[in-house]
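Report on the structure given below.
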Amino acid sequence: MKALILNSGLGHRMGVLTSNHPKCMTEISYNETILSRQLKLLLDAGITEVIITTGYFNEVLIDYCNSLDLPIDFTFVNNPIYDKTNYIYSIYCAKEYLENQDIIMMHGDLVFESSVLDMLIESNSSVMTVSSTLELPEKDFKSVIHNHHIDKVGIEFFDDAYASQPLYKLYQNDWNIWLDKIGEYCEKGNVNCYAEKALNDISNHINILPLDVKDLLCQEIDTPNDLNIVSKKLKEIENKTVYMCFSTDMVHSGHIAIIKKASKLGKLIIGVLSDEAVASYKRYPLLPFEERKSIFSNITGVYKVIEQKTLSYKDNIHLLHPDYVVHGDDWKEGFQKTIRDEVIHLLSKYHGKLIEFPYSNHQKYKELENRSRAQLAMPDYRRGRLRKLIEMKKCVNAIEAHSGITGLIAEKTVVLQDGKTYQFDAMWISSLCDSTAKGKPDIELVDMTSRFRTIDDIMEVTTKPIIFDGDTGGLTEHFVYTVRSLERMGVSAIIIEDKTGLKKNSLFGTEVKQTQDTIENFTNKIRAGKKAQKTKEFMICARIESLILEQGMKDALTRAFAYVEAGADAIMIHSRKKDPTEIFEFVEKFREKDKTTPIVVVPTSFNTVTEEEFKTRGVNVVIYANQLTRTGFPAMQNAAKTILEHHRAKECDDMCMSIKEIITLIPEE
Ligand code: SPV
Ligand code: MG
C-alpha cells in the first residue's frame with residue numbers, strides 16, 4: 001500500500017508561519033512538524049512508499065523530506081500551477097503513480113493519532129474518517145452517510161451529515177473509479193474544485209464506508225488557532241499513561257510491535273510479572289525478574305518498568321490510574337477472562353480505557369515457547385530449580401506422581417483464585433505410590449532400576465523439579481551410586497529416612513516392626529552421599545522417623561541437628577497423628593537453633609493445616625504424598641465394578657473422561 005500526501009497548496013491562512021516553507025513543515029511539537037509526524041506514523045504502520053504532491057516552496061519541501069533520513073521511498077510530483085488550481089489537479093498530475101494501487105490519501109495539514117491510522121489500515125473496505133461526536137463544522141468537510149456508506153462529501157452538506165476529515169483508505173477498485181472521474185474533471189478544465197466533487201458524482205458506484213474516530217485526534221490545521229489547539233491536544237496525548245503487563249522472558253518481534261503501538265498512546269509503563277507470579281501462572285521463568293525488567297527498560301518507547309506481583313492488575317491500576325490498559329485480544333476467553341473483567345471494571349470507575357490489539361499466535365512464537373519449555377526439562381536446568389523455588393517462595397508444594405500421566409497432571413493443573421494462579425511447584429516420586437502402581441508392597445521391593453524408569457517416564461513429559469523418595473537409601477555403598485544417577489538424570493532432591501532393615505511404610509507406625517537407624521550410621525550415609533555428589537544443586541534431605549516410632553521430641557531434634565551437621569541440605573519431619581501439634585513443636589524448636597535449613601513435611605494425617613500456616617511456622621516444602629493414587633484407584637475400581645454389575649459399559653460412561661479430553665490432555669509435539 002502506498003500513501004499519497006497532498007502538499008501543493010499555499011496555506012495562506014497560516015500567515016507568517018508559511019512565509020518560508022509549505023504548511024506541512026509547520027512545527028507542531030518539540031522536534032516534530034506536521035509532515036515528519038505523518039511520515040513516521042506511516043512508517044510505523046509499515047508504509048514505505050509515499051507520493052507527495054508539491055507546489056508552493058517545492059524545492060524546500062523536497063530537501064526537507066530528504067533531510068529527515070527516513071527509510072521511505074519518496075515520489076515527488078510537482079503541480080506547476082498550484083496557485084491557480086485546487087488539489088484535484090495535483091492528484092491528476094500524479095495519476096500515473098496512483099492508478100491500480102491501494103492508497104492511503106491524506107491532506108498535508110492533517111494531524112491524527114496513531115490509533116486513527118491503525119484503524120484505517122485494519123479496515124477491510126475503503127473508508128473515510130468521520131466523527132460522530134464532533135459538532136458539524138461551518139466551513140470544513142462534512143459527509144452525508146446513507147445506508148452506512150459515504151454518499152456525499154463537501155462543506156455545503158448539513159443533513160444526515162458527520163464532521164469528516166480528508167483521510168482515506170481506498171482500495172484500488174474504488175480508487176480507480178474516483179481517479180478516472182478526477183481525470184475527466186481536470187481534462188474539462190474543472191480544476192478549482194475539491195476532488196470530492198468528482199467523488200460525489202460517482203459515489204453510487206464505489207463503496208466508501210465511514211470510519212468513526214469519535215474523539216480521537218484527527219484534525220486539519222488551517223489557521224494559527226488550529227495549530228494551538230492541535231499542539232495542546234498532542235501534549236495531552238503524550239502525557240496520557242498507558243499500562244501493559246508482560247510475563248514473557250523471551251521478547252520477540254511480536255512484543256516489540258505491540259510495545260511500539262502502545263507507546264504511541266502516551267507514556268508507556270510496563271508491568272513485569274514477578275518471578276513468583278510467572279512461575280505460578282505458566283512456567284518457571286528462564287530469566288529472573290531483574291533481567292526481564294532490564295530488557296523491557298531498554299526497549300525504545302518504554303517510559304518506565306515496574307513490578308506486577310500478581311496476575312491481577314488491581315494493585316498497579318490503583319497505583320497508576322492509567323488512561324489506557326493495553327493487552328492482546330487473546331484474553332477474552334478462557335483462563336484470563338476474569339482478569340480482563342476485573343481490569344474493565346476497575347477502568348470504568350475513572351473512565352480509563354482497555355485497548356486490545358490482535359494477538360499474534362504465530363507459529364514461530366509458539367516454537368520459541370516450546371523451546372523454552374524443552375530447556376526447562378533438561379537435567380541441568382531442572383536440577384537446581386527446587387532450591388531456587390524454595391529461595392523465591394519460602395514455601396513450595398509438591399504432589400505425588402507415579403507415571404507419565406500423573407506427572408502431566410502435576411505439571412498442568414492450574415487454578416485461578418482471587419486474581420492469583422496456583423499450580424504445584426514440584427513432584428514427589430513416592431515409594432508408596434510407585435510400588436502401589438506396580439501392585440507391590442512399599443518395602444523397598446521395587447528395585448532402583450525400576451524406580452528410575454518411573455522417573456524417566458515422568459521426566460519425558462514434564463519440566464517441574466522432582467523430589468525422589470529414596471526410602472532408607474539402602475546400603476551406604478549403594479547409596480552413593482543412587483545419588484550420582486539421580487543427579488545425572490536431573491532430579492533435584494532425594495529424601496532418605498533413618499530406618500534400617502526391612503523398611504515398612506511409615507503410616508503403619510508401630511503396628512509393624514520397624515527399626516530406626518543409629519545416628520552414627522545414618523550420618524555416615526549422609527556424609528558419603530554428599531561426598532559422592534557432583535553438582536552444587538542436588539539436595540539430600542534427611543527424614544526423621546522418631547515421632548512415627550514414638551521415640552520422642554528430644555530424639556527427633558537431636559537427630560535433626562546431627563543430620564544437618566553431617567551435611568543434610570534439608571530435613572523432613574514425619575508424623576502420623578491427625579493433630580499437627582507435635583509437628584509444630586518440632587518446627588518451632590528446630591527453628592530456635594536453625595533458621596535456614598529447609599524443613600519438609602508430608603501432611604497426609606495432619607491434613608487440616610494450610611500451606612500458608614506451614615509457611616508462617618517456618619516449613620519450606622509441603623508434600624502431598626499419595627492423593628493422586630488414593631483418588632485414582634478407587635475411581636478405577638468403581639468403573640470396573642459398574643461394568644461387571646451391568647454387563648456393559650454404558651453406565652460407566654458418565655464417570656469417564658471423553659476420548660477427546662484425553663487426547664488434548666496429552667499434546668503431540
Ligand atoms: C511415600 O509417599 O512413600 C512416603 C511418605 O514415604 S509416607 O507414605 O507418608 O511414609
Ligand atoms: Mg516412601
Under-5 Å amide H pairs with ASP212, H placed in peptide plane, nonlocal only: VAL130
Placed amide H near LYS152: partners under 5 Å, 5+ positions off or other chain: VAL144
Cα long-axis angle, helix 253-263 against the chain (0 to 90 degrees, to the nearest 10): 60
For the chain: accessible area per residue (Å², 1.4 Å): 48
Tensor-based shape of the stretch 289-413 (alpha-carbon gyration tensor, a/c under 1.5 rounded, otherwise prolate or oblate): prolate
Under the Karplus curve 6.51 cos²θ - 1.76 cosθ + 1.60, θ = phi - 60°, whole-Hz ³J(HN,Hα) for the stretch 238-244, x wherever Gly or Pro sits: 4, 8, 5, 9, 10, 10, 9
Tensor-based shape of the stretch 2-235 (alpha-carbon gyration tensor, a/c under 1.5 rounded, otherwise prolate or oblate): rounded
Fully extended contour minus Cα-Cα distance, from TYR30 to ASN190, at 0.36 nm per residue: 53.6 nm
Loop-located GluC sites (Glu not before Pro) in the stretch 333-384, at most 16 other Cβ atoms within 10 Å (DSSP): GLU333
The chain - mean residue ellipticity at 222 nm from DSSP helices (-39,500 (n - 2.57) per run, n ≥ 4, rounded to 500): -12000 deg cm²/dmol
Distance between the stretch 1-76 and the stretch 231-252 - C-alpha centres, whole angstrom: 26
LYS641-ASP180 FRET efficiency (beta carbon distance; Förster radius 51 Å; 0.05 resolution): 0.05
Whether the stretch 1-102 is rounded, prolate or oblate, judged on the alpha carbon gyration tensor where a/c under 1.5 counts as rounded: oblate
Using θ = phi - 60° and Karplus 6.51 cos²θ - 1.76 cosθ + 1.60, couplings along the stretch 590-605 (whole Hz; Gly, Pro as x): 5, 5, 4, 9, 10, 8, 10, 4, x, 10, 10, 10, 10, x, 6, 8
Amide H within-cut-off set for TRP428, under 5 Å, with H built and near neighbours excluded: ILE399, GLU400, ALA401, ILE467
Helix 172-187 vs. the chain, principal-axis angle (Cα, 0 to 90°, nearest 10): 20
Highest to lowest packing among 398-408, 198-208, scored as the average C-beta count within 10 Å: 398-408, 198-208
Coil-residue trypsin sites (Lys or Arg not before Pro) of the stretch 394-501, DSSP, other Cβ within 10 Å capped at 16: LYS394, LYS438
Cut-off 12 Å between beta-carbons: net charge of the residues surrounding ILE202, Lys and Arg +1, Asp and Glu -1: -3
Size descriptor, Kirkwood hydrodynamic radius, that averages inverse alpha-carbon separations across the stretch 388-529, Å: 16.3
With every protein chain in place, the chain: carbon and sulfur % of accessible area (1.4 Å): 51
Using θ = phi - 60° and Karplus 6.51 cos²θ - 1.76 cosθ + 1.60, couplings along the stretch 18-29 (whole Hz; Gly, Pro as x): 10, 7, 10, 7, x, 4, 5, 8, 5, 6, 10, 7
Computed over the chain, Kirkwood Rh from alpha-carbon pairs, angstrom: 30.3
Acute angle (nearest 10 degrees) that the helix 337-348 long axis makes with the longest principal axis of the chain, alpha-carbon atoms: 50
Label-point separation in nm, ARG373 to LYS309, each point 7 Å along Cα→Cβ: 3.0
Sequence ranges 634-643, 554-563, 288-297, ranked by mean other-Cβ count within 10 angstrom, highest first: 554-563, 288-297, 634-643
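The values are calculated or read from the model by the stated rules, or taken from the named source; none is laboratory data. This is a predicted model, so every value here is computed, not measured. Reconstructed Cβ throughout: ideal geometry from the backbone, glycine too, with neighbour counts over all protein chains shown. Side chains included, ligands, DNA and RNA excluded: accessible areas come from the protein's heavy atoms. Shrake-Rupley method; radii C 1.70, N 1.55, O 1.52, S 1.80 Å.
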